[in-house]
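The structure under discussion appears below in the form of structure tokens.
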Amino acid sequence: MYCLTNPVGEDMTSNGTAEHAKRWRELLASERDAAALYSRIAASETGQRRDIFEELAAVERRHAAHWEGKLREAGAAVPPPGRPSLRTRLLAAAAGRFSTARVLPLIERAERADAGVYDHEPDAAPGMAADEHGHARTIAKLIDGGRPDPRARIARREGWHRTDRSGALRAGVFGVSDGLVSNTALVMGVAGSGAAHKVILLTGIAGLLAGAFSMAAGEYVSMASQREMYQREISLEAAELEEKPDEERDELALLYRAKGLSREDAQRLADQIMSDRKVALDTLVREELGLDPGELGSPLSAAVSSLFTFASGALVVILPYFFGGGTAALVAAICLAALALLAVGGGIGLLNGRPLVRSALRQLLLGGAAALVTFGIGHLIGATVS
């Protein structure tokens, strides 16, 4: 037991413990404020939505009680409950005067911003981190009003709609575009200086290889880090399911109630899902984390796709220089690059459901501008050096 003081004057024997107590008080104040907000919003609601907000308030009060207990255990004074923050009073007043729907997006953004507050908090109780993450998802479901995601309806009805969870298509599209634009600009810069065609060819090949391997390595590291983060989230969810199945069942039921199910139906569905641990983990990962366990992305696939697509884009502008040089090769390179830019832009437009011609012309304008600028700079440098 440490002899601490609160901010108004008890002596402390440990600076470290004093810092802990200060942090615990800040977390306590935050939890009390959140509980007050949800309680006041619950008073503006009716029926099941009111019950959901009351349960959210109860969770926040439970968190607050945990920090009160930590302060008492350390011998620190527990500050008395104070007046809610100005933000809480304004949000509650807006919910009461207008509607809860007006303030829920603000609350959801705040919850998402603070969702990780307990992820690395050593003094948090088990389950507190999951509670905080779950609150943002529950609020999101309440905002949605229980309506099914239109993208999910489309995907079920029209099989040709696909998302690229592996990252290969995304990496491929950007790879072609980056390879084409960057190497075209590089080659045009060297060509503008008046260098011999062998120098231009060597520069283009070097740019192709350097860019392709750089893209592949960067994409691999990025995708691998993302996958490892997702796997860690899933493993933490599995541990919570093993250690606290009742809390996970309640969290799942609350999410289904926020989607529009009655308390009884939500509880029955949660019980049915929790009866099979494998199904329960899959459902919790999808519902709470928003992840598909089977589609976490492939680092190798994304890296290989980046390498070859960047190389294919970068190869276009140097093809004429394999067969000759001079003005003919330069004109041929410009024409090939322009056609490739139009094709890539049109392809991106088709993938995104945007107007094909506008997307193609935009890509040509941006890529052409980059090539023109580097050609002009290369020409000026070449003239100066010579």
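The values are calculated or read from the model by the stated rules, or taken from the named source; none is laboratory data. Every value quoted in this text rests on a predicted model; they were computed, and no experiment measured them. Using ideal geometry, Cβ is built from the backbone for each residue, glycine included, and neighbour counts are taken over all protein chains shown. Heavy atoms of the whole protein, side chains included, go into the accessibility calculation; ligands, DNA and RNA do not. Shrake-Rupley method; radii C 1.70, N 1.55, O 1.52, S 1.80 Å.
Restricting region 45-71 to residues that are small (Gly, Ala, Ser) and open to solvent by 30 Å² or more (accessible area, probe 1.4 Å) leaves a set whose member that is nearest to Ser30 (Cα to Cα) is Ala65. All of (1) touching a Phe, Trp or Tyr at 6+ places or on another chain (Cβ under 9 Å); (2) buried (at least 17 other Cβ atoms within 10 Å of the Cβ); (3) aliphatic (A, V, I, L, M); (4) modelled with pLDDT of 85 or more hold for Ala332 with one exception: (2). Apart from one condition, Arg257 fits all of (1) closer than 15 Å to Phe53 by Cα; (2) of a type in the set (D, E, K, R); (3) open to solvent by 60 Å² or more (accessible area, probe 1.4 Å); the exception is (3). Only residues that are open to solvent by 70 Å² or more (accessible area, probe 1.4 Å), more than 30 Å from Leu236 (Cα to Cα) and over 29 Å from the mean Cα position of the chain (by Cα) were counted across region 72-124, and they come to 7. Pick from Ala113, Ala93, Ala77, Ala65: which is of a type in the set (A, V, I, L, M) and in contact (Cβ under 8 Å) with a residue 40 or more places away in the chain? Of the residues listed, the single one that is of a type in the set (A, V, I, L, M) and in contact (Cβ under 8 Å) with a residue 40 or more places away in the chain is Ala77.
Restricting the first member to region 205-234 and to residues that are open to solvent by less than 50 Å² (accessible area, probe 1.4 Å), and the second to residues that are part of a helix (DSSP H, G or I) and among the aromatic types (Phe, Trp, Tyr), the beta-carbon pairs closer than 6 Å and six or more apart or on different chains are Gly211/Phe310; Ala212/Phe310; Met215/Phe310.
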